[in-house]
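The values are calculated or read from the model by the stated rules, or taken from the named source; none is laboratory data. Only a predicted model underlies this, so the values are computations on that prediction, with no experimental measurement involved. Neighbour counts are summed over all protein chains in view; Cβ atoms, including those assigned to glycine, are modelled from backbone coordinates with ideal geometry.
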Amino acid sequence: MTASGVPGVAVAVVHEGDTIFSKGYGVRELGHPGAVTPDTVFQIASLSKSVAATVVAGQIAETEVDWTTPVQSLLPWFDLSDTWVSSHVTIGDLFSHRSGLPEKAGDVLEDLGFDRREVLSRLDLLPLLPFRISYGYSNFGLTAAAEAVAVAAGTDWASLSEATLYAPLGMTRTSSRFDDFVAHEERAIGHTLVNEVFTPYRSRQPDAQSPAGGMSSTVTDFAKWMIMVLEGGDAPLVAASNLLPAVTPQVISRRSATAATLPEFYGFGFGVGPDATGRVRLSHSGAFVLGAATRYVMIPEAGLGIVVFTNGTPVGAPEAIAQTFVDVAEFGAAQRDWWGLFSEGFRPFRAPVGELAGQVPPTDPAPAGPLDSYAGTYDHAFFGPATITATDGSLTLSLGPNGLSFPLTHWSGDRFVYDVLNENMPAGSVAEVTFDAAVNGASPALRIDYLAADDWGTFRR
């Protein structure tokens, strides 16, 4: 914690069916006295995916769904940009990120305030990678599959998870609803890095992608889930035969960089691969730029697992703690400087976004055009409308269904900027807005650089 600066950490270790260690370190919120304990509730980000996979595995025996069930058979309105893929993509395809959806598909729409149904309904506008031979880590792809399973069960995802997994396992402080998280007095507040200093920030509201990243839990509760997985399932909750496909390789998630390195694999919601001893390792990391970093590692052959929750922007701390522990358990000592490795590896994760981030504004900028000439509503099929208003000598940009408002600052000519901080825009990020006048019959346009490259981020009036 001293090296990373992370405000709070909770750790639990399980072995051969028992929780043998659980402890909290640091504080739930900087500037406040509440200490982290094993029962402190954290947002666990993408560890939700592995837990969600066990909910699905449990439903295979209860409903007519299977990993091979086409999602459209349960969600007729769900489409991708290819008709054949739309009708054939399965629950398993989406849980293993091999549907062809690009990485982070739909995440920016969540930042803009769109709800789950609206995000999922717009995925058909995205070009696809080759089906079932590509790996594109997609929160909303997995969420679509989970939504289909909930429909088959006749309920919503959060209720299904609570009734079929959390409650039976005694995970009493675990939920897939954000409102339940904020209702806990003993909850860890997210901290984001501002000028490399951890700063308390409002907690991220991840309900739109709850199956993929919206769980909250304690290490005490999560240890119960790890024990169930390490035992191969807990019939009748999760039959071993239905869990097995989730914890075995389904797609190559990272190809070998050299002939001397091994590839990495992904199951259904689980990272799967060999550890340094050749044993199978199940693992996953979770990351919210706005203030959560989590990690679990399980070695089924050894009946061993560790989970680490933290309440800060991902800097590699939970990965370093978990891997150091695994080294000590298997070799008696850490085999390398894991903190040094992971801290450098995670540095790009928090780098400011935007072509003008970190740049000094020009001292002699070209003048802007008449502000009223920029005003109006510019449309985009995927991102929705962008509205520019000119009031009292300044421009304001409005985006998303709730009208997120961003005052624009003139940069030079027809270029303006605004500061933004959200899950995909770390502190220090700068968005550039460029206006293009009507040319050769084309409509006036507005381009927002961070939304996408080339013409994808272009809105037209």
If Ala246 meets every condition in (1) part of a strand (DSSP E or B); (2) crowded, with 24+ Cβ neighbours inside 10 Å apart from one, which number is that one? (1)
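State whether the residues of region 105-116 include one that is of a type in the set (Lys, Arg) and in contact with a strand residue (DSSP E or B) (Cβ under 6 Å, 6 or more places away or on another chain).
Residues of region 105-116 of a type in the set (Lys, Arg): 116.
Then drop every residue that is not in contact with a strand residue (DSSP E or B) (Cβ under 6 Å, 6 or more places away or on another chain), which leaves none.
For region 105-116, residues of a type in the set (Lys, Arg) and in contact with a strand residue (DSSP E or B) (Cβ under 6 Å, 6 or more places away or on another chain): absent.
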Could you tell me whether any residue of region 269-279 is in contact with a Ser or Thr (Cβ under 9 Å, 6 or more places away or on another chain), more than 30 Å from Pro38 (Cβ to Cβ) and assigned by TED's automatic domain parsing to the domain that holds Glu319? no
Being in contact with a His (Cβ under 9 Å, 6 or more places away or on another chain), within 22 Å of His284 (Cα to Cα), buried (at least 19 other Cβ atoms within 10 Å of the Cβ) and not β-branched (Val, Ile, Thr) is the requirement here; does Ser46 meet it? yes
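Check every one of the helices (runs of 4 or more DSSP H) wholly within region 147-213 and list those with 3 or more residues that are closer than 30 Å to Phe346 by Cα. Spell out the reasoning first.
Values: elements: 157-161, 178-183, 210-213.
Correct list: 178-183, 210-213.
Kindly indicate the residue of region 449-461 that is farther than 14 Å from Thr377 by Cα and not in a loop (DSSP other than H, G, I, E, B) and also modelled with the highest pLDDT among those meeting that condition.
Taking region 449-461 and keeping what is farther than 14 Å from Thr377 by Cα, we get 449-457.
Filter once more, so that each one left must be not in a loop (DSSP other than H, G, I, E, B): 449-451.
On the way: Asp449: 91, Tyr450: 86, Leu451: 86.
So the residue we want is Asp449.
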Taking the condition of being among the hydrophobic types (A, V, I, L, M, F, W, C), crowded, with 17+ Cβ neighbours inside 10 Å, out of contact with any strand residue (DSSP E or B) (no Cβ under 7 Å at 6 or more places or on another chain) and part of a helix (DSSP H, G or I), how many residues in region 325-358 meet it? 3
Can you tell me which residue among Asp234, Asp275 is charged (D, E, K, R) and closer than 19 Å to Ala61 by Cα? Asp234
Give the residues of region 55-96 that are buried (at least 20 other Cβ atoms within 10 Å of the Cβ), in contact with a Leu (Cβ under 7 Å, 6 or more places away or on another chain) and part of a loop (DSSP other than H, G, I, E, B), sorted by residue number. Phe78, Leu80, Val89
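Give Ile321, Ile306 a once-over and let me know the one that is β-branched (Val, Ile, Thr), in a helix (DSSP H, G or I) and under 25 Å from the mean Cα position of the chain (by Cα). If you could, list the steps in order and put the result at the bottom.
On the way: Ile306 fails: in a helix (DSSP H, G or I).
When all the criteria are applied, what remains is Ile321.
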Could you check, for region 425-445, whether at least one of its residues is without any contact (Cβ under 8 Å) to a residue 24 or more places away in the chain, closer than 23 Å to Gly113 by Cβ, out of contact with any strand residue (DSSP E or B) (no Cβ under 8 Å at 6 or more places or on another chain) and not charged (D, E, K, R)? no
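Answer with yes or no whether Pro352 is modelled with pLDDT under 95 and in contact with a Gly (Cβ under 8 Å, 6 or more places away or on another chain). It would help to see each step written out before you state the result.
Numbers: modelled with pLDDT under 95: yes; in contact with a Gly (Cβ under 8 Å, 6 or more places away or on another chain): yes.
Judged against the criteria, Pro352 is a match.
Out of the residues in region 97-124 meeting the condition of being charged (D, E, K, R) and not in a helix (DSSP H, G or I), tell me which one is nearest to Ser398 (Cα to Cα). Before the answer, list the steps.
Restricting attention to region 97-124, the residues satisfying the condition of being charged (D, E, K, R) are 98, 103-104, 107, 110-111, 115-118, 122, 124.
Subset that is not in a helix (DSSP H, G or I): 98, 103-104, 115.
Details: Arg98: 35, Glu103: 26, Lys104: 23, Asp115: 17 Å.
So, considering only residues that are charged (D, E, K, R) and not in a helix (DSSP H, G or I), the one nearest to Ser398 (Cα to Cα) is Asp115.
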Of all residues in region 200-217 being modelled with pLDDT of 95 or more and under 18 Å from Gly34 (Cβ atoms), the one that is surrounded by the fewest Cβ atoms within 10 Å (Cβ to Cβ): Pro200
Which one of the conditions (1) farther than 18 Å from Ala292 by Cβ; (2) under 20 Å from the mean Cα position of the chain (by Cα); (3) not basic (Lys, Arg) does Ser176 fail to meet, given that it meets all the rest? (1)
Considering region 126-175, residues that are without any contact (Cβ under 8 Å) to a residue 24 or more places away in the chain and touching a helix residue (DSSP H, G or I) at 6+ places or on another chain (Cβ under 6 Å), and then whichever is surrounded by the fewest Cβ atoms within 10 Å (Cβ to Cβ), we arrive at Asp156
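Of these, Pro263, Pro245, Pro300, which one is under 24 Å from the mean Cα position of the chain (by Cα) and touching a residue at least 12 places away in the same chain (Cβ under 8 Å)? Give the steps one after another, and end with the answer.
Details: Pro263 fails: touching a residue at least 12 places away in the same chain (Cβ under 8 Å); Pro300 fails: under 24 Å from the mean Cα position of the chain (by Cα).
The conditions single out Pro245.
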If a residue must be under 16 Å from Pro444 (Cβ atoms), outside any strand (DSSP E or B) and either out of contact with any Pro (no Cβ under 9 Å at 6 or more places or on another chain) or not polar (S, T, N, Q) (or both), how many such residues does region 362-413 contain? 10
Determine, yes or no, whether Val420 is β-branched (Val, Ile, Thr), crowded, with 16+ Cβ neighbours inside 10 Å and free of Cβ contacts under 8 Å to residues at least 60 places away in the same chain. yes
